[in-house]
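Structure record follows, encoded as structure tokens.
All of the numbers you see were taken from the coordinates with simple rules; none came from a lab. What you are looking at is a predicted structure, and each value in this text was computed from that prediction instead of being measured. Every residue, glycine as well, gets a Cβ built from its backbone with ideal geometry; the counts of neighbours run over all protein chains shown.
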Amino acid sequence: MDKRPLITITTDFGIADGYVGTMKGVILDIVPQAQLVDISHHISPQDVRQAAYVLYTMYPFFPPRTVHLVVVDPGVGSARRPIALRTPAGAFVAPDNGVLSYIMARERVEAVVELADPRFQLPQVSHTFHGRDIFAPGAAHLAAGVAWDAFGPAVADPMTFPTPQLEGTPGRIRGEVLHADHFGNVITSIGVLVWEGETLRLAPAFPQGGLPRDLSFSAAAATVEVKGQRIAPVHPTYAAVERDAVLALIGSEGHLEIAVREGNAARRLDLAPGDPVTLTWD
Amino acid sequence: MDKRPLITITTDFGIADGYVGTMKGVILDIVPQAQLVDISHHISPQDVRQAAYVLYTMYPFFPPRTVHLVVVDPGVGSARRPIALRTPAGAFVAPDNGVLSYIMARERVEAVVELADPRFQLPQVSHTFHGRDIFAPGAAHLAAGVAWDAFGPAVADPMTFPTPQLEGTPGRIRGEVLHADHFGNVITSIGVLVWEGETLRLAPAFPQGGLPRDLSFSAAAATVEVKGQRIAPVHPTYAAVERDAVLALIGSEGHLEIAVREGNAARRLDLAPGDPVTLTWD
Amino acid sequence: MDKRPLITITTDFGIADGYVGTMKGVILDIVPQAQLVDISHHISPQDVRQAAYVLYTMYPFFPPRTVHLVVVDPGVGSARRPIALRTPAGAFVAPDNGVLSYIMARERVEAVVELADPRFQLPQVSHTFHGRDIFAPGAAHLAAGVAWDAFGPAVADPMTFPTPQLEGTPGRIRGEVLHADHFGNVITSIGVLVWEGETLRLAPAFPQGGLPRDLSFSAAAATVEVKGQRIAPVHPTYAAVERDAVLALIGSEGHLEIAVREGNAARRLDLAPGDPVTLTWD
């Protein structure tokens, strides 16, 4: 079975202007047999944290040979470095602005290099579109098998931002809203919660500070509080409630989620990233 | 000429969140040489009928070896079955919620099976994202050539909803609005209408009850009535009228369509799916 | 290294209806090994000039073997011809409505043929969807290697519209707004401007009438005027100003651009295509 080089693309470029198409032209000129997969081009403009979240949800489902190209780059044209990160779960090409923070917190970092060598950039590098001129050719050459140390010096201090921290005591976990998706489902930082029969066990997605080990509780005895609303209990699925009812459940990434069945919870409850969320149980 | 496995994808997931990209990762991990084609990810959330309509317009233009993956799934997590349908015109993977009704009404049903065998699902199946955990791997394994009867038991009673029914007498056909497209063109259930010179002949897209056979009429003598407006005659093409004029014509799937040349008929005439439409002639 | 036939697609069809997917089905039925790249399907409905602009920005980054398929076609069903254009920089398939004007002004025209032969169209050609019935199969057969003269007669007089003309004297260039992109960055017709150290030199993107040769000036001494606002100087990059500040810079295609750092200049300054822009310097 032939395995073509596989490159995913995540940007805040939108899809109306041809910017993404242009990047694909650059890639396919270098590595014609590549398979390209769009992840999202609707990251909110310059929202590095949202891009980091979307990356976190999808990379585990791609083969480890995948190169994930991420261009959400408010610092284009400044001194921020273009970098490539190698982990056992995949390679990542991005600006050094923290967008890979969640990956670095979860995966073993095998290498971080600066994409410095002009041989692996377009002949003319603009000040305003490094996605086309540096990142796309970098990802293409990586996918084509160029050696990691050919691109440039190792980066010892890649920029990262703190991963979501949970505060917890037995009976209570405090987190925040991470993301509201296309359906208006509201994903929180409280996760990963694993079903064990009727019980939920917290196995944090990211390294945590002072959280007790072994936080387990009965889903039926749990209550979510957000913006003065109390939602109980935690259900396994949307279908557990009537159409149009608010519910708490465990979403597809294993995080506590607030939803409205066949409706929009973000709008109904006026929730946005950063809003505090508390989960309590008896 | 190599023919790679061909899979189309139709969802209501939008394209901002990475859900579709995640499904593609799952597919390409199973069948790396697959060719993936997005049909639409902007089906209105949970609108099974709209998805059924979009499927109906596009599948005849794909090779019969294509696997069409459809995930519009308001019942995710409930007892609704995940199914695969084989016809001479292509294979279809979808929730058993009626989204394949138009296909089953038009094509010979060769097999319907439940995607029950966990060997062809992800190791962990969430309660909320069967697109990723069941449907994507199902479509991938089908495209990779796994035998149909390996997936699970035959389904004798797949769910279907009634296909659009026309009421007609010589001189009059009554139908309804099916869909308003991106341009605001309004497609009705009155079709397929085939041009024979200046004459239009009705050859219904779906099996019909008490409709007379051989409904033919002169396009020049036909009038469309919708929401109290009369539009006449039926034209062959947008270019038959001035810019900004309302017209009736036969659209690209052979259905009676109401349009505004270089404008938006759905908005201008305030038309929506379900609105009754009458076509009369002398 | 295998090079699969490469086809880009640019339309005003949106991505909700399945029209683009249908075209891809037609293409892959003819040339199963094709690599398809979406450029944009969000050209404003029937906006031939916007499509021409998007084409202009992206085609140079694709290999010359690429077939660029463009369907923005207000005249569908009228007498306008479907054509294919061959240049050393790529092939183009489009309606003969001026959408290839910028390409013809910049590249050597090697051949223009009418897509007239029904062997290279679908068996049934509708009056309303030539993208599916004529243009997609035309592009597919071209990409598959069908000889150019097999498609139909040479076209001696393809339709073109004038490319953007600049008025200039030493010390002053007058142009107009060409495009506002997804970020709200406003691209003007004043270009290509090439950095030579701190100096900018005008090397017009399109043939020009009475413009003096050798227009060079110091970026630091330049001022942009648009809608009564004065913006100075011309910067190399967004990062040269504070967040939320208005600036002038040279965009990724080498055109004078007006932007707001991490903001939306089109909205802030109320700019739209056609608005006059003046660049002056000491």
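Of the residues A:Y19, C:Y56, the one with the fewest other Cβ atoms within 10 Å heads the list, and the complete ranking is C:Y56, A:Y19.
Sorted shortest first, the separations between the B:S44 label point and its copies elsewhere in the assembly read 2.7, 2.7 nm; each point sits 7 Å from Cα along the Cα-to-Cβ line.
If a/c stays under 1.5 just call it rounded; otherwise compare a/b with b/c (prolate if a/b is bigger, oblate if not). Do that for segment C:16-100, with a ≥ b ≥ c from the square roots of the Cα gyration tensor eigenvalues. Rounded, since a/c falls under 1.5.
Look at the stretch A:259-267: the mean tally of other chain Cβ atoms within 10 Å of its residues' Cβ atoms is 1. The ellipsoid equivalent to the alpha-carbon distribution of segment B:145-212 has semi-axes of 33, 17, 14 angstrom, derived from the gyration tensor eigenvalues as √(5λ) and listed largest first.
From the alpha carbon centroid of segment B:200-269 to that of segment C:29-105 is 30 Å.
If only the Cβ of Lys and Arg carry +1 and only the Cβ of Asp and Glu carry -1, the dipole of the protein assembly as shown around its Cα centre is close to 560 debye. Here the translational diffusion coefficient of chain B follows from Stokes-Einstein with Rh set to the Kirkwood radius across Cα pairs; for 25 °C and 0.890 mPa s it amounts to 122 µm²/s. With all projection directions averaged, the alpha carbon convex hull of the protein assembly as shown covers 36.8 nm². Here is the size of segment A:61-109 from its Cα atoms: Rg then Dmax, 11.1, 33 Å. Per residue of the protein assembly as shown, what 222 nm ellipticity follows from adding -39500 (n - 2.57) for every DSSP H run with n ≥ 4, rounded to the nearest 500? Dividing the helical sum by the residues of the protein assembly as shown leaves -4000 deg cm²/dmol. Springs between alpha-carbon pairs under 10 angstrom, Gaussian network model over chain B: which of B:G152, B:G210, B:G90 fluctuates most? So, out of B:G152, B:G210, B:G90, the one fluctuating most is B:G210.
Between the DSSP loop rule and a limit of at most 11 other Cβ atoms within 10 Å, which GluC sites (Glu not before Pro) in segment B:214-260 are left? Sites meeting the loop and neighbour criteria: B:E242. Short-range pairs are left out: with C-alpha atoms under 8 Å and at least six residues apart, the relative contact order of chain A is 15 percent.
Neighbours of A:L69, meaning other residues whose beta-carbon lies under 12 angstrom from its beta-carbon, give a summed charge of 0 when Lys and Arg score +1 and Asp and Glu score -1. Comparing A:H141, A:H42, A:H130 in a Gaussian network model of chain A (Cα springs below 10 Å), the most mobile by mean-square fluctuation is A:H42. Placing unit charges on each Cβ (+1 for Lys and Arg, -1 for Asp and Glu) gives the protein assembly as shown a dipole about its Cα centre, and among B:G197, A:A34, A:P273 the Cα reaching farthest toward its positive end belongs to A:A34.
Listed by chain and number, the aspartates and glutamates whose alpha-carbon sits under 20 Å from that of C:K3, ignoring those within fewer than 8 places in the same chain, are A:D2, A:D29, B:D2, C:D29, C:D38. Looking at segment A:185-282, which trypsin sites (Lys or Arg not before Pro) are in a loop (DSSP not H, G, I, E or B) and have at most 16 other Cβ atoms within 10 Å? Hits after loop and neighbour filter: A:R213, A:K227, A:R243. The radius of gyration of the Cα set in segment B:166-282, together with its Dmax, comes out at 12.9, 39 angstrom.
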